[in-house]
Amino acid sequence: MPELPEVETVKRGIEPHLVARRFEKVVVRDHRLRWPVDPNLADHLLGHEILSVERRAKYVLVRLATGYLVIHLGMSGRLYFVSADTPVAKHDHLDWQLNDGQVLRYTDPRRFGAVIWIAGDDVSAHKLFALLGPEPLQEEFDAKYLFKRSRKRKVPIKSFLMNAHVVVGVGNIYANEALFMAGISPLREAGSISLARYTRLVSAVKQVLEKAIAQGGTTLKDFVGGDGKPGYFKQELQVYGRGGEACANCAKLLQEIKLAQRTTVFCITCQR
């Protein structure tokens, strides 16, 4: 599944092509996504100017004066621009044609993505967003916040860090990388970690995510950015996907286990 950096890359890729344009035509070829696409979607969008393109967690939000077009890429969803005469492929489920002639196309072979309309000027109270934690790159996500939320929590720190109610968008790949950078074992109980170590962890999370965003996200099997090109962060991952290889710090072999059914790679020497 595309992680926060991948979704941010998509958001930044499509933003300059959408803002200040208007929707002229909406084509829904298949309503059967994770949730059925609103049959009145075109009525909500047509003729309205796009005011901004935003991101909340792993959702892309296209803001109009009357509400938000919310898009989630699911496991294999992609957004990219085509000309109006571009042939339609099997899994091209939606087209949004703009007043400059461009078409934003959504394709999704697995149909685990979502396209939702939320009316009004605030999405924060909607059930998709109401219980989400802070964005990891915002100031409110700091060591004091994480330390306070973790008290008496016996869950492994990796699971705690991946909990969207605690902080959004720290997916499996980036949790592995941040914990390695901070020198914290993914198995350690969240409530046993000191404020000083949380300070290192928060810094690591921000560094890992910022670097991934700058480089276009991680190259996942089904992911390409808003410009149709793959991300390139995977080649610089220090632990994820490297189980059994030598640790970059101590040369001991990295351990690979399953934690909460997710691949977890770490160094038993460098991470405590």
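The values are calculated or read from the model by the stated rules, or taken from the named source; none is laboratory data. The model shown is predicted, which means the values in this text are computed figures rather than measured ones. Virtual Cβ from ideal backbone geometry, glycine too; neighbours counted across all protein chains shown.
Restricting attention to the range 247-272 and to residues that are aliphatic (A, V, I, L, M) and within 23 Å of residue 200 (Cα to Cα), the residue that is farthest from the chain's Cα centre (by Cα) turns out to be 251. Of everything listed in (1) in contact with a strand residue (DSSP E or B) (Cβ under 6 Å, 6 or more places away or on another chain); (2) surrounded by fewer than 19 Cβ atoms within 10 Å (Cβ to Cβ), the single unmet condition for residue 70 is (2). So, in the range 181-216, of the ones that are in a loop (DSSP other than H, G, I, E, B) and modelled with pLDDT of 95 or more, which residue ends up surrounded by the most Cβ atoms within 10 Å (Cβ to Cβ)? Among those residues, the one meeting the criterion is 186. For the range 144-180, what are the residues that are touching a residue at least 60 places away in the same chain (Cβ under 8 Å) and outside any helix (DSSP H, G or I)? The answer is 156, 162, 164, 168, 169, 170, 171.
Scanning the range 61-99 for residues being under 22 Å from residue 47 (Cβ atoms) and modelled with pLDDT of 95 or more gives a total of 17.
Could you please find all residues in the range 7-29 being under 18 Å from residue 94 (Cα atoms) and exposed (fewer than 14 other Cβ atoms within 10 Å of the Cβ)? Answer for the range 7-29, where residues must be under 18 Å from residue 94 (Cα atoms) and exposed (fewer than 14 other Cβ atoms within 10 Å of the Cβ): just 29. Scanning the range 1-46 for residues that are at pLDDT 95 or above and small (Gly, Ala, Ser) turns up 20, 42.
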